[in-house]
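Bear in mind that the values in this text are calculations on the coordinates, not laboratory data. It should be emphasised that the depicted structure is a prediction, and the values quoted were computed from it without experimental measurement. Note: ideal-geometry Cβ built from the backbone for every residue, glycine included; neighbour counts use all protein chains shown.
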Amino acid sequence: MDIQDVIREQVGSNSVVLYMKGTPQFPQCGFSATAVQILKHCGVSQVAAVNVLENDAIRQGIKEFSNWPTIPQLYIGGEFVGGSDIMREMFENGELQQMLADAGAVNPG
């Protein structure tokens, strides 16, 4: 299985996937920390976080997979959403919360 297949499997088998530097408990960059905080504010019950610092093939492969040059990268329901700036913008206008709710990724209430 090549790295693109691995990424496709990760994105396809989880409702929310965040490719980030570090972990949700210990982000290794400010943008990744922002992404985690936004997801927490949205009430996301479960996120599959992939630490790209642990696997250089994934770190490069995810950029090719999405055709997006930076990390973090958020996927909801198998669809690429964007990085922390796009997440922030979508959070502020309510789009992100709706996408997460539609994907069944938030705890009700």
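Taking the listed residues PHE31, PHE80, PHE91, PHE26, the one that is closer than 17 Å to GLY12 by Cα and aromatic (Phe, Trp, Tyr) is PHE80, with no other qualifying. Selection over segment 45-79 of residues that are within 14 Å of LEU18 (Cβ to Cβ), of a type in the set (Gly, Ala, Ser) and more than 13 Å from the chain's Cα centre (by Cα) gives a count of 1.
Considering segment 30-49, the residues that are free of Cβ contacts under 8 Å to residues at least 12 places away in the same chain and over 17 Å from ASN107 (Cβ atoms) include one that is surrounded by the most Cβ atoms within 10 Å (Cβ to Cβ), namely ALA33. Selection over segment 60-73 of residues that are over 12 Å from SER32 (Cβ atoms) and crowded, with 21+ Cβ neighbours inside 10 Å gives a count of 1.
For ALA57, the conditions (1) in contact (Cβ under 8 Å) with a residue 12 or more places away in the chain; (2) of a type in the set (A, V, I, L, M); (3) crowded, with 17+ Cβ neighbours inside 10 Å are fulfilled apart from (3). Selection over segment 74-109 of residues that are out of contact with any strand residue (DSSP E or B) (no Cβ under 6 Å at 6 or more places or on another chain), surrounded by fewer than 20 Cβ atoms within 10 Å (Cβ to Cβ) and in a helix (DSSP H, G or I) gives a count of 11.
Of all residues in segment 8-36, those that are in a helix (DSSP H, G or I) and under 12 Å from the mean Cα position of the chain (by Cα) total 8.
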